[in-house]
Amino acid sequence: MTCNKYIMTLEKAREYMAVQADMAGGYNRNGAKMILFDVQKNHGQTGVDTLIREYNLEALFGFKTGTVFKL
């Protein structure tokens, strides 16, 4: 039995993050956190920090570069 493991690409993460950042509500903060958690698993801290800067997530949700995201 094989298990197809879902891998979040940075392109797909950007698509999802654009929606979360555009709406910028409480539920969107949780959605953004889940996206960053997935990016961290697949692309490391550099990928996470890039998205935080690109979408100004520190101002929107209080996410700082260097933060390790856990669920």
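The values are calculated or read from the model by the stated rules, or taken from the named source; none is laboratory data. What you see is a predicted model; the values in this text were computed from it and never measured. Positions of Cβ are backbone-derived with ideal geometry, glycine not excepted, and every protein chain shown enters the neighbour counts.
Within segment 25-41, being over 17 Å from residue 65 (Cα atoms) and surrounded by 15 or more Cβ atoms within 10 Å (Cβ to Cβ) holds for 28, 31.
Looking only at segment 49-68, residues that are closer than 16 Å to residue 23 by Cα and of a type in the set (D, E, K, R) come to 2 in all. Taking each residue of segment 35-56 that is of a type in the set (Ser, Thr, Tyr) and looking for partners that are assigned to a helix (DSSP H, G or I) with beta-carbon atoms closer than 7 Å, six or more apart or interchain, yields 55/17; 55/21. The residue pairs whose first member lies in segment 8-19 and is modelled with pLDDT under 95, whose second member is part of a helix (DSSP H, G or I), and whose beta carbons are closer than 6 Å, counting only pairs six or more residues apart or on different chains, are 8/38; 8/39; 8/42. Among the residues making up segment 20-71, a single one is assigned to a loop (DSSP other than H, G, I, E, B), modelled with pLDDT of 95 or more and charged (D, E, K, R): 64.
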